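Below is one structure, written out as structure tokens; the observations come after it.
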Amino acid sequence: MDFSLTEEQEMFRGHIRKMLDTFGGTQLAREMIDNNPENLKKVYTTLAELGCSGINIPEEYDGMDLDALDLVPTFEEMGRSLVPGLFMETSALVVPTLKKYATEEQKQQYLPAIASGEKLVSFAALEPFNDFSPAGIQCALVQQDGQYVLNGTKTLVPEAELADAFLLLVRTNQEDQEDGLSLVLIDKTEGMNIEKLSSFDESKHVAKIEFNHLIIKEDQIIGEVDKGWMQLQEGLLYFNAALSSYIVGAMESVVHMATEYAKIREQFGQAIGRFQAIKHSIVNMKVHLEIARSLSHYANWVVDTDEFDREAAVYSARTYATEKFIEVSAHNIQIHGGIGFTEEIDCHLFVKRARYYDQYVGSTPFYQEKVVASLGW
Amino acid sequence: MDFSFTKKEEKFRTELRTWLEANLPEGWLEGKRDLPEDLDEYSRVLRAWQNKLYEGGWAAIAWPKEYGGRNATLMEEIIYHQEMVRVKAPPLINYIGIHMVGPTLIDIGTDEQKEKYLKKILTGEEIWCQGYSEPGAGSDLTGLKTRAVKDGDRWLINGQKVWTSFGHVADKCFLLTRTSTHPEKKHRGITVFMMDMHQPGVETVPIVQMDGHKDFNEVYMTDAVATDADIVGQVDAGWHVLIALMLHERTGIGAELFTLEKQFNDTVELAQQYKVNGKPVIENPVVRQKLANFYARVRGSLLNYYKNLTTTIKNGQPGAETSIDKLVVTELNQALSAFAVEIQGHQGVLFDKDAVADPKWQHVFLASFGQTIGGGTSEVQRNTIGERVLGLPKDMGR
């Protein structure tokens, strides 16, 4: 029995942290607020040089063929600095989906390019006024005159302006209410109308994309037609395991901020961390962090096994992390008092990102139902 | 990361499981698990169980072999707790002797004390209680006022203890007393005695708890007698003894976590079987959401325990972060049992013989309020985590 990361994994964490610190940590997120992704691009180049982008890619496609668990330090460190961008979508959603469902040609086309850091892939699934469920996906891919034509609108597509390609979830069958969806992987083209939306998490860019008679080739469809929802679930497992790690890193940062501030901020002639009202609030944050960390480490281990609780473990890690991230980042503002309400201090960046991820590709009740259903209850 | 058990550990589990199946009281595994109401009878049955454990070599597995233990590893202790929870084994009447007094004597007791007490702890011949809390000394144990005063070649003890578990059946008490006063350093001047409970100067009065049980007692001492030979460690240095004792409490929280896990599984079963308007309550979406939430919290606390256990195995002793386990398991137990009562709807308040579900969740719910107080309140745990894990400044006055 050994429930801990290996020394190698912890050492790797050290490299990533050092690298992100040279870019100023959360400064990367702040630069995105100013629409300046130059340093973020440099971060990607460095991550690729360190091998991060190929960690879970098989060796025959120029990767390292390691496990989800080996990506945990990378995701935790990115979360610690709230690094925006498409690393998570690319490595934890697109790569597992391609590994499981793509044809050899599709793998050859994308996996080596992802491993080398050349290609970043965004995920276009959500639609205006619809939820994340088969019924909510109406963007239509229709066969006409021997070719596929795509029409419809996707929204909340992350960092569309930085993406080289998009994984799309589209409807190919109007009859099938349970599924009838298909996964499509396309490179960015002229025919896509990308419009940046303003989001209160300004450091995480989102866009609306309109597809107007975009021609899709058959070899751009991933896996089986009309089975897209079912096939997406595999990638979603890896994505949510990764997301829980990212959030653990962010929560770690928040707990650290609150603790250090409570040690130096003085009121009534003493450090406020001496007051139990403050101390116990920070302790509750720490407890949530440790439980979230334990759930996420297990989730990233179990996702590469066929244990009976594979799905329940991942989805409970996600719901616990997203819920507690909101709570912890909100308490952080309260503990900082007035200064925590300013733009200058990082507190607000975390609250906004917490809210963003809680509502991203599925809600808390959505994943809670998945936990219960996956256990056969 | 590795969640498997070694061959040796699996063998240990099989050996214990086989032994339990052959030796648990008649009908226990089939559900005949009621213990006698009558105190003498209750004590007799549980002493007999303790003695059986001793004869099988299962009474104190963590003790060194030379004192009658098995020199068990931490993982073997974990397996032991898992198996005991699995069969809902009878309570260990000499829990305090086995897990606290014995290991402390092995560590710092004199040869005479080891000779005199250890064997009887194992066999259940002498049951131990712990004399810690007093009416004026709860979370602040240093406020204790029970005094021990030297009188010729003996000590006379006067004062009152409260919340003494097993006090009504105990033969011996691991007693904290004040032997000198140091207003500035209240940790000084405390002495630990091993006091005989069967003497004219000692009177025990049971406390009726909010759940109707009488697990605890008040213990009144009026010129109770002890000798130098009954002192653990040095006079006035009892606080060191307490710290040594706490370090021996290695896996008790594990047992509580495995019990919590079992209670969660029972709750799921309750939700599947309990019907309102003819429909199992598990079909209610709100119940499903809450179950998922409890699943995450129960799994999370169990995994967190394994994480801390891994650290303990690597470092040789538990760190301050184990306070998180105690805090989480007790608060979660309270919330979970409240939920199990809640989903029974208006019938959830029915009690005892009229309770509509088994186990009796109403009892579990009421008893859960003791857990966030006993063994260090949740507030004390939060102070420990804040100060020793996060490094926040200590409270005023400490």
Discussion item. Given the criterion more than 10 Å from chain A (Cβ to nearest Cβ), in contact (Cβ under 8 Å) with a residue 60 or more places away in the chain, under 22 Å from the mean Cα position of the chain (by Cα) and closer than 29 Å to B:Asp358 by Cα, identify the matching residue among B:Leu270, B:Leu260, B:Leu245.
Written reply: B:Leu260
Item to complete: Would you mind finding the one in B:Leu105, B:Leu122, B:Leu156, B:Leu176 that is in contact (Cβ under 8 Å) with a residue 60 or more places away in the chain, surrounded by fewer than 20 Cβ atoms within 10 Å (Cβ to Cβ) and not aromatic (Phe, Trp, Tyr)?
Response: B:Leu156
Worksheet item: Residues in the stretch B:60-99 that are of a type in the set (Val, Ile, Thr), surrounded by fewer than 18 Cβ atoms within 10 Å (Cβ to Cβ) and either without any contact (Cβ under 8 Å) to a residue 12 or more places away in the chain or within 14 Å of chain A (Cβ to nearest Cβ) (or both): how many?
Response: 1
Worksheet item: Taking the stretch B:285-300 only, how many residues are over 19 Å from A:Val248 (Cα atoms) and more than 7 Å from every other protein chain (Cβ to nearest Cβ)?
Response: 5
Worksheet, complete the sentence: The condition of being surrounded by 22 or more Cβ atoms within 10 Å (Cβ to Cβ) and either part of a helix (DSSP H, G or I) or at pLDDT 95 or above (or both) holds, among A:Glu202, A:Glu118, A:Glu105, A:Glu89, only for A:Glu89
Worksheet, complete the sentence: Over the stretch A:249-276, the set of residues in a helix (DSSP H, G or I), within 11 Å of another protein chain (Cβ to nearest Cβ) and among the small types (Gly, Ala, Ser) is A:Ala258, A:Ala262, A:Gly273
Worksheet entry | Selection within the stretch A:213-247 - buried (at least 24 other Cβ atoms within 10 Å of the Cβ), in a helix (DSSP H, G or I) and over 12 Å from the mean Cα position of the chain (by Cα) | A:Gly228, A:Leu232
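For every residue, the table says whether it meets (1) closer than 17 Å to A:Val83 by Cβ; (2) buried (at least 18 other Cβ atoms within 10 Å of the Cβ); (3) in the same structural domain as A:Ala313 (by TED's automatic domain parsing).
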site	(1), (2), (3)
A:His336	no, yes, yes
A:Gly340	no, yes, yes
A:Cys347	no, yes, yes
A:Arg353	yes, yes, yes
A:Gly362	no, yes, yes
A:Phe366	no, no, yes
A:Lys370	no, yes, yes
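Residue-by-condition table, conditions (1) over 26 Å from B:Ile231 (Cα atoms); (2) aliphatic (A, V, I, L, M):
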residue: B:Leu53; (1), (2): yes, yes
residue: B:Glu76; (1), (2): yes, no
residue: B:Tyr80; (1), (2): yes, no
residue: B:Pro91; (1), (2): yes, no
residue: B:Met100; (1), (2): no, yes
residue: B:Ile108; (1), (2): no, yes
Practice prompt. Please go through the stretch B:22-41 and pick out each residue that is free of Cβ contacts under 8 Å to residues at least 12 places away in the same chain and closer than 19 Å to B:Leu92 by Cα.
Written response: B:Ala22, B:Glu26, B:Gly27, B:Gly31, B:Lys32, B:Asp34, B:Pro36, B:Glu37, B:Asp38, B:Asp40, B:Glu41
Discussion item. Restricting to the stretch A:1-59, and then to whatever is among the small types (Gly, Ala, Ser) and assigned to a helix (DSSP H, G or I), can you tell me which residue is surrounded by the most Cβ atoms within 10 Å (Cβ to Cβ)?
Written reply: A:Ser53
Worksheet item: Does B:Gly345 fit the bill of being touching a strand residue (DSSP E or B) at 6+ places or on another chain (Cβ under 7 Å), more than 14 Å from chain A (Cβ to nearest Cβ), of a type outside the set (Lys, Arg) and more than 20 Å from B:His213 (Cβ to Cβ)?
Response: yes
Worksheet item: Would you call A:Ala250 crowded, with 18+ Cβ neighbours inside 10 Å and over 23 Å from A:Ile114 (Cα atoms)?
Response: yes
Worksheet entry | So A:Val149, is it touching a His at 6+ places or on another chain (Cβ under 7 Å) and β-branched (Val, Ile, Thr) | yes
Worksheet, complete the sentence: Subset of the stretch A:327-356, residues closer than 25 Å to B:Lys290 by Cβ and within 14 Å of chain B (Cβ to nearest Cβ), comes to A:Glu327, A:Val328, A:His331
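Here is a yes/no grid of residues against (1) in contact with a strand residue (DSSP E or B) (Cβ under 9 Å, 6 or more places away or on another chain); (2) in a helix (DSSP H, G or I); (3) at pLDDT 95 or above:
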position	(1), (2), (3)
B:Val225	yes, no, yes
B:Val235	yes, no, yes
B:Leu247	no, yes, no
B:Ala255	no, yes, no
B:Phe264	no, yes, yes
B:Thr267	no, yes, yes
B:Gln272	yes, yes, yes
Discussion item. Going by what's in this entry, would B:Leu16 be described as surrounded by 18 or more Cβ atoms within 10 Å (Cβ to Cβ), among the aliphatic types (A, V, I, L, M), away from chain A (no Cβ under 14 Å) and touching a helix residue (DSSP H, G or I) at 6+ places or on another chain (Cβ under 9 Å)?
Written reply: yes
Worksheet item: Which helices (runs of 4 or more DSSP H) sit wholly inside the stretch B:301-398 and have at least 2 residues that are surrounded by 16 or more Cβ atoms within 10 Å (Cβ to Cβ) and free of Cβ contacts under 8 Å to residues at least 12 places away in the same chain?
Response: none
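The values are calculated or read from the model by the stated rules, or taken from the named source; none is laboratory data. Worth saying up front: this structure is predicted, and the values here are computed from it rather than measured. Ideal geometry is used to build each Cβ from the backbone, glycine not excepted, and the neighbour counts take in all protein chains shown.
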